[in-house]
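The values are calculated or read from the model by the stated rules, or taken from the named source; none is laboratory data. Here the structure is a predicted model, which means the values were calculated and not measured. Positions of Cβ are generated from backbone atoms using ideal geometry, with glycine treated the same way; all protein chains shown enter the neighbour counts. Heavy atoms of the whole protein, side chains included, go into the accessibility calculation; ligands, DNA and RNA do not. Shrake-Rupley method; radii C 1.70, N 1.55, O 1.52, S 1.80 Å.
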Amino acid sequence: MRLSRSKLAVELDRLVDLGLVETAGLAASRGGRRSGIVRLSPGLRFVAFDIGATSIDVAVTNGELEVLGHVSEECAVRDGATVVLERALDLLGKLRDEGLIPQVHGTGIGVPGPVSFRDGMPVAPPIMPGWDRFPVREAIGQELGCPVLVDNDVNIMALGELHAGLAKSVDDFLLVKIGTGIGCGIVVDGAIYRGVSGSAGDIGHIRIDDDGPVCACGNAGCLEAYFGGAALARDATSEARAGRSARLAEILAAAGELT
């Protein structure tokens, strides 16, 4: 949508009055009238929830997306949406107690599974029992009283790279995350590609061998069953106990698990 200069000025004035943006001087001259610079107000506070397979991270940023505070704790996503989100809100309470959040202006939530971005909820996530179509956006929005966006965690990582990382200068790339699970953020023409069901980047549960090991999702032979965190730990333990890696055996022995 294109706005006239006068209409744009009216809308910017409204945002300034609301305290959402502020003027920041004039841009460098390119010949002719210099453009004014407008930026998000540093007084804004955004909250980020990173729900992982085995942990929760909560951070608060200012309007320039500088991290002002961060807390985390171990938590299994398999405990279900109600339990995990309550613990996430408890962590947010710790940041409130530090005086970092006079008001929450927006919240982003990343989860380790496919998401209906339009509806703000996970859809048939393979490793998240009890989360299917749970109204995450609605639940957190009602609790915090602010706009909420919910997306797959790797999509959010890809957006971070697009905004301030190595991908700032490109419009098309793939970001692959290998952790407890495996996922892929797909960026096409500078935007996240999610696919019809929101699972375009859910590569960890592509079956690569019908007779392969059982995956955490319950199927056999998934990519994640070979190269996810649990699979790598399984194979490393096997190598150590079989005497094929002295270094891995040392690590296992130090943990008291070499038998």
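What the table below lists for this structure:
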quantity	calculated
Rounded FRET efficiency, nearest 0.05, which uses the C-beta distance separating Ser29 from Cys146 and R0 of 30 Å	0.20
Backbone HN-Hα couplings from phi across region 85-99 [Karplus 6.51/-1.76/1.60, Hz, Gly and Pro as x]	5, 5, 5, 5, 5, 5, 5, 4, x, 5, 5, 4, 4, 7, x
For the chain: span of alpha carbons on each principal axis (Å, largest first)	73, 42, 37
In nm, spacing of pseudo-spin labels at Leu3 and Arg207 (7 Å Cα→C-beta vector)	5.2 nm
Sequence-distant residues sharing a close amide H with Gly69 (under 5 Å, placed H)	Val60
Cβ-Cβ FRET estimate between Ala233 and Asp132, R0 fixed at 30 Å, reported to 0.05	0.65
Dipole-positive endmost among Gly31, Leu18, Phe134 within region 1-146 (Cβ charges, Cα centre)	Gly31
Alpha carbon centroid spacing (whole Å) that separates region 157-187 from region 30-105	20 Å
For the chain, share of DSSP beta bridges that run antiparallel, in % to the nearest 5	75 percent
Karplus-derived HN-Hα couplings along region 184-192 (A = 6.51, B = -1.76, C = 1.60, θ = phi - 60°), whole Hz, x at Gly and Pro	9, x, 10, 10, 10, 6, x, 9, 5
Three-way shape label, region 68-186, alpha-carbon gyration tensor, a/c 1.5	oblate
Hits among aspartates and glutamates - C-alpha to C-alpha of Lys168 under 14 Å, sequence gap 8 or more where chains match	Asp189
Per residue solvent-accessible surface (Å²) - the chain, probe of 1.4 Å	58 Å²
Degrees separating the helix 5-17 axis from the principal Cα axis of the chain, which is the longest one	70 degrees
Portion, in percent, of the accessible area of the chain that falls on carbon or sulfur, probe 1.4 Å	54 percent
